[in-house]
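Down below is the structure, laid out as structure tokens.
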Amino acid sequence: MLKDPKILILTANYGNGHIQVAKTLEQSLHKMGINNVKVSDLISESHPIMAEITRYLYLKSFSIGKQFYRLFYYSVDKMSNKRIMNLYLKLGHRKLNQLVREINPDIIINTFPISVVPEYRTRTGVFIPTFNVLTDFCLHRVWVHKNIDKYYVSCDDVKEKLTMLNIHPALVKVTGIPIRPQFEEKMETIDLYKKYNLDPNKKTLLIATGAHGVLKNVKDLCESFFTRDDMQIVVVCGNNQSLKDELEPLQYIHPDRIKVFGYVERIDELFRICSCMITKPGGITLSEAAALKVPLILYKPVPGQERENADLFAAKGAAVVINKLEKVQETVNDLFNHPEKMEKMKLSIAELYRPNAADTILQDILNEAEMLLDSSLKGSVNY
């Protein structure tokens, strides 16, 4: 294994998942005694104004911009215009070159599909072992490049899609997606009910709106469940203060039926005590739910990776996908009235969980990088 390697982790702040995976990998490296690690949001650092605009459009895609995002996601997947493609392949090159000169990394890890990274080898002739850690349960073509040395993916379905794009199976390892370590801890749950002022004798419906609070119609969803005396609702609003302000009056009126939170650092604790969860199908959320065997209701997934993630989990029997508000209440009631259905979903989602993904990925990357660097010194690596 490489001794005291210098590692550059590249990511981007579109949603919370890519950054979170990068930080999880960084923390795991530190635990392994590897401290020479740099995490860079390459797009923001290279083109801050463009990054701010595109992040705004990304968040809007969850509401008014769904069709725009559908067009963007699938058109990029089939991008053929050479001028546009060349611009995309150069995006961030100057900043990447600066980072490489400053850090002199032995390894580059991508948690976001930034094509300038594998292109750097082609443009400069500099060989740095480069690895992609995919953060969804689907595949977009922008992750795929001839200069990626190995891919780490969530499930067998993604590996199969990569091999269909002529990536050798030996270059794809099914590891799962790295998740925060608290989701893999063993923990007693009885004290958690007291901590969050919840009744352990009631069924708990968790509504997780995402880090930016992008799940819509939350107030209507909550009110639709107030007819059940055996249910309590927990809503996590993330950083969406306006949503929290909108829901808090419900908590004052119905304190025994609903609890409203903003950002929750230890949200794994709520995952552990909920009966099922309504959420958006981001790759990280799905992986965390799989680790704790939480039955999922995936509400109105946006076209693109969300929809594809949701479809895979539904096909595996690990989730129910709902597109209309009026169907949510019916589905939740059906699950709560038939606990055997939820047990079956728990078994199905558990099959999608891959434990210790971060450590598995990093151990493999360190071994692969050592072999690749040895080969390059012997002249057997083709740039």
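The values are calculated or read from the model by the stated rules, or taken from the named source; none is laboratory data. Here the structure is a predicted model, which means the values were calculated and not measured. As a convention, Cβ positions derive from the backbone with ideal geometry for all residues, glycine included, and neighbour counts pool all protein chains shown. In case anyone asks, the SASA skips ligands and DNA or RNA and just uses the protein heavy atoms, side chains included. Shrake-Rupley method; radii C 1.70, N 1.55, O 1.52, S 1.80 Å.
Tabulated values for the structure
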read-out	value
Residues that are in contact with a Leu (Cβ under 7 Å, 6 or more places away or on another chain), among the polar types (S, T, N, Q) and not in a loop (DSSP other than H, G, I, E, B), drawn from segment 244-283	Thr279
Residue count for segment 291-346, restricted to those that are out of contact with any helix residue (DSSP H, G or I) (no Cβ under 8 Å at 6 or more places or on another chain) and not hydrophobic (A, V, I, L, M, F, W, C)	19
Filter result (out of contact with any Asp or Glu (no Cβ under 8 Å at 6 or more places or on another chain) and among the β-branched types (Val, Ile, Thr)) within segment 295-321	Ile297, Val302, Val320
Out of Glu326, Glu288, Glu306, sole residue that is assigned to a helix (DSSP H, G or I) and either among the small types (Gly, Ala, Ser) or modelled with pLDDT of 95 or more (or both)	Glu288
Meets criteria (of a type in the set (Gly, Ala, Ser) and touching a Gly at 6+ places or on another chain (Cβ under 6 Å)) for Gly262	no
Long-range neighbours under 9 Å by Cβ, at least six apart or interchain, first residue farther than 16 Å from Phe271 by Cα and touching a residue at least 60 places away in the same chain (Cβ under 8 Å) within segment 222-234, second open to solvent by 10 Å² or more (accessible area, probe 1.4 Å) and of a type in the set (Asp, Glu)	Ser224/Glu326
Hits in segment 216-261 (condition: under 17 Å from Phe336 (Cα atoms) and among the aromatic types (Phe, Trp, Tyr))	Phe225, Phe226
Subset of segment 315-330 [free of Cβ contacts under 8 Å to residues at least 40 places away in the same chain and surrounded by fewer than 18 Cβ atoms within 10 Å (Cβ to Cβ)]	Ala315, Lys316, Gly317, Asn323, Lys324, Glu326, Lys327, Glu330
Residue in segment 361-382 that is farther than 30 Å from Tyr120 by Cβ and of a type in the set (A, V, I, L, M, F, W, C) present	no
Checking Glu265 against (1) free of Cβ contacts under 8 Å to residues at least 24 places away in the same chain; (2) open to solvent by 20 Å² or more (accessible area, probe 1.4 Å); (3) touching a Lys or Arg at 6+ places or on another chain (Cβ under 6 Å), the condition it does not meet	(3)
Residues of segment 36-54 classified as modelled with pLDDT under 95 and more than 13 Å from Ile109 (Cβ to Cβ), total	13
Test: residue in segment 12-22 that is open to solvent by less than 30 Å² (accessible area, probe 1.4 Å), under 19 Å from Asn240 (Cα atoms) and modelled with pLDDT under 70	yes
Residue in segment 347-354 that is modelled with pLDDT of 95 or more, buried (at least 17 other Cβ atoms within 10 Å of the Cβ) and β-branched (Val, Ile, Thr) present	yes
Residues that are under 20 Å from Cys276 (Cα atoms), in a loop (DSSP other than H, G, I, E, B) and touching a residue at least 40 places away in the same chain (Cβ under 8 Å), drawn from segment 343-374	Leu352, Tyr353
Yes/no for Val142 being in contact with a strand residue (DSSP E or B) (Cβ under 9 Å, 6 or more places away or on another chain) and among the β-branched types (Val, Ile, Thr)	no
Residues being within 16 Å of the chain's Cα centre (by Cα) and either over 19 Å from Gly282 (Cβ atoms) or not β-branched (Val, Ile, Thr) (or both) - total across segment 152-181	8
Tally, over segment 268-286, of residues that are open to solvent by 10 Å² or more (accessible area, probe 1.4 Å), polar (S, T, N, Q) and farther than 18 Å from Glu188 by Cα	1
Selection count where residues are of a type in the set (S, T, N, Q) and at pLDDT 95 or above, scope segment 227-270	1
